[in-house]
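Notes to accompany the following structure.
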Amino acid sequence: MRISIIGSGYVGLITGACFAQLGNDVTLVDIDKEKVEAINNRISPIYEEGLNELLNQVHIEATSDYHRIIDTDMIFLCVGTPINKSGNMSLRYITKATEQIARVLTDKKDYCLVVVKSTLVPGTTEELLIPTLERSGKKVGGDFGICMSPEFLREGKAVYDFMHPVRVIIGEYDKRSGDMLVNLCNKFNAPILRTGLKTAEMMKLASNTFLATKITFINEIGNICKQLGIDTYEVAKGMGFDERIGSKFLNAGIGFGGSCLPKDLRALVASSRKQGYEPRFLREVLRLNDRQALIPVELLKKHIPLKDATIGLLGLAFKPETDDVRDSRAIRIVQTLLAEGAVVKAYDPLAAENFKRLFPQIQYVTKQEVLKCDAIIIITEWEEFSNLDYKGKIVIDGRRVLKAREARIYEGVCW
Ligand code: NAD
């Protein structure tokens, strides 16, 4: 199958590399010329376990020229859908990319399938993408097909997750579109669920919103446990045996971040309000998650005055095994520490370069340097933080690193 991928970020690059490994002929399109060059030089612009090795095994080509995809059978749309200033999902990139695909469709002789992987609020494929594609003069259903197949990969485990999905969701415009994508996805040993376009869009948002809510729930239980001197993790262990609850996503701490959960939750809240329904419960999840990031600084203030104190941060990525700092809890913590007049020194094994673009004014140091600071906050649960010598230190632990309990003063956020 000749496959084109529009957008070579986390989702696009993994999708492209994995489909190439499965024997397809893959072309990646991205407007970012540096990214295109890096991919053609077989250097992954992002960190993902196994991705560099994969890029060096497969035949894959990257370009910024949309006309190179004229002979393609399937076009996967994987551009970003961030939140804009007004709190809505920004459709800027997806609109532009769809217009560019439409130009290709105008000159295209044979049928092809457009597959939307980007996360969208319900209705976007039908109300925006299809009309934009039809401006090519071609008709959906006859000249081209369209599916909405949301992506569920976890950053850090993305290659594995792509190759071993727990389910494949195919929202289809018509049977022909769905059949074509089913044919491609049959290689995965996973149940395939065929549904409508809008439902598929909602399945993605509802899944991420549920995960965000589950984290927020256990954080709330954790905040109560902290007051009562109970270890939340023991409580969560007891809860997790119940299969109606499940043991995953019950790690209390400083809340969720990353490129997906906060954004998808905000997008669902905004789109629901537009439809005239006020999603109070979901708004509260967002508010509580914001508040949770401030707890480490509040706890720290009980032990030392922050003005002119040197505070060391362990971890900047939104979670371990990634260099992604989008919506990382570290952002809120650094903002607050700087506002309080503290000097901030930070260490992260992978994400320091990305964080430096957001906060050039703080110092990026080794983990040994962090340990010399007046106090330490653990923000990301990197494995290597379990091997540090915390004796004699003041540590506020946002992620429950057991070894840190040997500190002179130790406070967990929810335990
Ligand atoms: P990203 O920002 O890492 O990558 C998007 C890429 O699209 C960038 O390289 C950008 O240069 C490129 N791009 C923008 N406009 C373009 C255009 N007109 N033509 C070609 N390329 C263009 O985004 P991402 O994290 O890969 O996310 C992509 C989508 O997938 C989003 O909707 C996101 O919500 C969803 N998603 C992300 C994840 C994740 O773990 N990151 C997981 C599931 C779903």
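The values are calculated or read from the model by the stated rules, or taken from the named source; none is laboratory data. What you see is a predicted model, and the numbers here were worked out from it, not measured in a lab. The area values use the complete protein model at the heavy-atom level, side chains included, leaving out ligands, DNA and RNA. Shrake-Rupley method; radii C 1.70, N 1.55, O 1.52, S 1.80 Å.
Quick check: Cα centre of the range 56-95 to Cα centre of the range 162-210, how many Å? What the calculation gives is 19 Å, centre to centre. Normalised per residue, the accessible area of the range 155-274 is 49 Å², obtained with a 1.4 Å probe and no contribution from ligands, DNA or RNA. Using a probe of 1.4 Å on the protein chains alone, the accessible area found for VAL365 is around 30 Å². Computed with a 1.4 Å probe on the full set of protein chains, the accessible area for TYR93 sits at about 90 Å². Within the accessible area of the range 193-255, what % is carbon and sulfur when the probe is 1.4 Å and the other protein chains stay in place? Carbon and sulfur atoms account for 63 percent of the accessible area of the range 193-255.
Carbon and sulfur atoms: what percent of the 1.4 Å accessible area of the range 318-415 do they account for? Each step should come with its number before you reach the end.
Details: 1990 of 4200 Å².
Answer for the range 318-415: carbon and sulfur cover 47 percent of the accessible area.
Average accessible surface for the range 334-415: 45 Å² per residue, computed with a 1.4 Å probe over protein heavy atoms with every protein chain in place.
Looking at the P(r) of the range 149-261, how many percent of alpha-carbon pairs lie beyond 25 Å? Write down the numbers at each step before the final one.
Working: 2424 of 6328 pairs.
The calculated P(r) of the range 149-261 puts 38 percent of pairs beyond 25 Å.
With all pairs of separate Cα atoms included, the range 311-386 yields a Kirkwood hydrodynamic radius of 12.0 Å.
Compute the accessible area per residue over the range 82-146, keeping the other protein chains in place, probe 1.4 Å, unit Å². Walk me through the numbers before you get to the answer.
Values: 2790 Å² over 65 residues.
For the range 82-146, the solvent-accessible area averages 43 Å² per residue.
Considered as an equivalent ellipsoid built on the Cα gyration tensor, the range 17-94 has semi-axes of 24, 17, 12 Å, the largest given first. The equivalent ellipsoid that matches the C-alpha gyration tensor of the range 178-332 spans semi-axes of 34, 19, 18 angstrom, in descending order.
Of all accessible surface on the range 10-75 at a 1.4 Å probe, what whole percent is carbon and sulfur? In the range 10-75, the share of accessible area belonging to carbon and sulfur is 45 percent.
Only protein heavy atoms count here; on that basis, with a 1.4 Å probe, LYS403 has an accessible area of about 70 Å².
Quick check on the range 266-307: take the gyration tensor over C-alpha atoms, sort the square-rooted eigenvalues as a ≥ b ≥ c, and tell me if it's rounded (a/c under 1.5), prolate or oblate. Mind showing how you got there, number by number?
Working: a/c = 6.01, a/b = 4.35, b/c = 1.38.
Prolate, because a/c is 1.5 or more and a/b exceeds b/c.
The 3J(HN,Hα) values that the Karplus relation (6.51, -1.76, 1.60; θ = phi - 60°) gives for the range 227-237 are, in residue order, 5, 9, x, 10, 7, 4, 5, 5, 4, 4, 4 Hz. Gly and Pro appear as x. Over all pairs of different C-alpha atoms in the chain, the reciprocal of the mean inverse distance, the Kirkwood hydrodynamic radius, equals 22.9 Å.
Counting Cα-Cα pairs of the range 1-142 in 10 Å increments starting at 0 gives whole-percent bin shares of 12, 42, 33, 12, 0.
From the protein chains alone at 1.4 Å, what is the descending order of accessible area for ARG244, ARG42, largest first? It would help to have the intermediate numbers written out before the result.
Working: ARG244 205, ARG42 50 Å².
Most to least solvent-accessible, the answer reads ARG244, ARG42.
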